[in-house]
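Input: a single structure, listed below in structure tokens.
The values are calculated or read from the model by the stated rules, or taken from the named source; none is laboratory data. Worth saying up front: this structure is predicted, and the values here are computed from it rather than measured. Please note: Cβ atoms are built from the backbone with ideal geometry, for glycine as well, and neighbour counts cover all protein chains shown. SASA here: full protein model, heavy atoms, side chains in, ligands and nucleic acids out. Shrake-Rupley method; radii C 1.70, N 1.55, O 1.52, S 1.80 Å.
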Amino acid sequence: MPDSPYRHLSHAYGRNHFTLDRPFQAILRFHLGTVPDLERLGEFAGKDLYEVADYVDKFGHPEHIMWSVDGERVDRAWMAPSEMRALEWLLKEGAVNRGPHRRGDWFEHFASLYLIADPGIGCILTVTNQTAYAIHKYGDASAQALLPSLIGEEDPIRYGATWFTEIQGGSDLGANRVRADLHEGRWTIDGDTKYFASNAGLAHLALVTARVGPDGRGAKGLGLFLVPEHDREGKRNFLVRRLKKKSGTVGVPTGEVEFHGAQAMLLGDVEQGIYYTLENLMVSRLANSMAALGIARKAYLEAYYYTQTRTTFGRRLIDHPLIRRDLLDLEVAIEGALALAFLAVEGFQKSWTDTPPYGPRYHYARLLTHITKNVTADMSAYVTKVAMELHGGLGFLREFPIERWHREALITPIWEGPSNIQALDLLEVIAKKRADRTLLQEIER
Ligand SMILES: Cc1cc2nc3c(=O)[nH]c(=O)nc-3n(C[C@H](O)[C@H](O)[C@H](O)COP(=O)(O)OP(=O)(O)OC[C@H]3O[C@@H](n4cnc5c(N)ncnc54)[C@H](O)[C@@H]3O)c2cc1C
């Protein structure tokens, strides 16, 4: 793509976000013994994708198409064509969602999400990856057949979704009311309370938690189901009630979804649904950490280059001691959190094939993930705020991309479980699973 006038708005635009990030490369080398080739993705992330994501935030919001021109209920999300092309590139050329089960590598997958950074586009990719991950681990042969299209190996591309939260509870999944029932060997789903459904209108398949059997069993009474957009007769299998208006993450359509006798496939053992869901949340919490880090890095880049051009009191900003201290402070925060996050990825890489009842390496990966999710989200909110401030008044203008990064950073502490929930889950994995023992062994090693 030729240079666009967008370069007048941003200092980070037009650079290769992989090649310029040597601390990131050093961390990858530490874990992998070599640096994977992410140059093409780094170029895409610093140019085409950077511009497209900002365009979508400002002008290209998804729109709910409830009815077709022929009066048919379609419930699709209209998305900016440039965003759809970027997604296709990321899935096919960027090979973002290919874990070890698809001849890929989790380090490269999560490293790619760091370079992509945009939490809207990152969310679309992540919930699709989570769907593929659950199918790979717990899906039957008919579900497995859908896998290649979810990871860009086969056309047409299919998108996934993870619909767990309901109006009465996101943290408290035990309050889920959407039900699953078995009639003559076939599962159906009913309920209208799925309240935060990302990829609504885009997803071809969704992972859905639903209550099975009697009420009152809390989270242990949940099964995990795969619900296709169309039923066996080709009719819509769920309805999108509306799309939400959000402060950020605009690139992903987030809506409310209703099920009225939707046909569903059970994943794995019906009694283990909550454990599969928690496993799945580990994938998205790590992805969220990468988005938080990537957002912070992009805001930092904008600030770093800006402080080299802006002059105050006869000196470039970067030549003022306090500005240098600020930049160093931000860099240390990013690099420390990056190191922690890739330690958690290593934990995941070693344990991702584990299934209930799990063992110490899975619990240790969970422990690292809860800490990482919290630390990276807080760091991102802080770094983006300071990077914005380093732009002075200009940092507050919607005309330039720097203001977006702080808005985007603020989702990262909330979804995938806010900080108190991470803290409570961390306590659980220490008190009940003794993951602290593995941590101490690792520290001693
Ligand atoms: C843009 C966006 C997209 C989303 N997409 C999806 C999606 O695709 N799928 C999906 O399933 N969900 C999705 N969510 C939902 C998101 O995961 C939840 O909003 C989040 O997990 C918090 O749940 P909640 O909103 O019900 O907050 P609540 O659970 O009501 O929590 C409110 C506050 O209370 C705190 N709190 C709750 N319980 C306790 C406790 N016991 N002790 C101490 N503090 C507590 C929480 O930490 C939080 O700060 C999305 C949310 C947003 C904003």
**Item:** Relative contact order of the stretch 143-229, pairs being alpha-carbon contacts under 8 Å that are 6 or more residues apart, as %
**Value:** 29
**Complete:** Dividing the mean separation of Cα pairs under 8 Å (6+ apart) by the residue count of the chain yields a relative contact order in percent of 15
**Cut-off under 5 Å, modelled amide H: who pairs with residue 166 long-range** = 195
**Carbon plus sulfur fraction of accessible area for the chain, probe 1.4 Å, in percent** = 55
**Message:** Quick query: amide H of residue 74 versus all other amide H atoms, modeled in the peptide plane; which residues come in under 5 Å with a sequence gap of 5 or more or a different chain?
**Reply:** 67, 68
**Asked** Tell me which aspartates and glutamates have Cα within less than 15 Å of residue 298's Cα, excluding those fewer than 8 residues away on the same chain?
**Response** 21, 43, 48, 51, 54, 118, 331, 335, 389, 403, 408
**Asked** Which percent of Cα pairs goes in each bin when the distances of the chain are cut into 10 angstrom slices starting at zero?
**Response** 4, 21, 32, 25, 13, 4, 1, 0
**Asked** What are the ³J(HN,Hα) values, in whole Hz, obtained from phi via the Karplus relation 6.51 cos²θ - 1.76 cosθ + 1.60 with θ = phi - 60°, for each residue of the stretch 158-174 in sequence order, with x given for Gly and Pro?
**Response** 10, 10, x, 7, 10, 10, 10, 5, 10, 3, 8, x, x, 5, 8, 5, x
**Item:** Net charge of neighbours whose Cβ lies under 15 Å from the Cβ of residue 434, counting Lys and Arg as +1 and Asp and Glu as -1
**Value:** +1
**Prompt:** Is the stretch 162-272 rounded, prolate or oblate when judged by the Cα gyration tensor, a ≥ b ≥ c being the square roots of its eigenvalues, rounded requiring a/c under 1.5 and prolate requiring a/b larger than b/c?
**Reply:** oblate
**Request:** Please report the orientation-averaged projected area of the stretch 264-310, defined via the convex hull of its C-alpha atoms, in nm².
**Result:** 4.5
**Message:** Per residue, how much accessible surface does the chain expose to a 1.4 Å probe? Answer in Å², no decimals.
**Reply:** 42
**Prompt:** In terms of modelled amide H atoms, which long-range or inter-chain residues lie less than 5 Å from the amide H of residue 187?
**Reply:** 264
**Prompt:** Computed FRET efficiency, Cβ-Cβ of residue 444 and residue 73, R0 56 Å: what is it to the nearest 0.05?
**Reply:** 0.40
**Item:** For the stretch 12-139, convex hull of alpha carbons as volume per residue, Å³
**Value:** 121
**Fill in**
The ³J(HN,Hα) series, computed from each phi in the stretch 85-100 with the Karplus coefficients 6.51, -1.76 and 1.60 at θ = phi - 60°, rounded to the nearest Hz and given as x for glycine or proline, is 5, 5, 4, 4, 4, 4, 6, 8, 6, x, 6, 5, 8, 9, x, x
**Item:** Under 21 Å between alpha carbons - lysine pairs in the stretch 162-272 that sit 8 or more apart or on different chains
**Value:** 5
**Prompt:** With each run of n ≥ 4 DSSP H residues scored as -39500 (n - 2.57), what mean residue ellipticity at 222 nm is computed for the chain after dividing by its residue count and rounding to the nearest 500 deg cm²/dmol?
**Reply:** -15500 deg cm²/dmol
**Fill in**
Computed ³J(HN,Hα) along the stretch 354-364: with the Karplus parameters 6.51/-1.76/1.60, θ = phi - 60°, integer Hz and x for glycine or proline, the list is 5, 10, x, x, 6, x, x, 5, 5, 5, 5
**Relative packing of 17-24, 62-69, which averages over residues the other C-beta atoms within 10 Å, highest first** = 17-24, 62-69
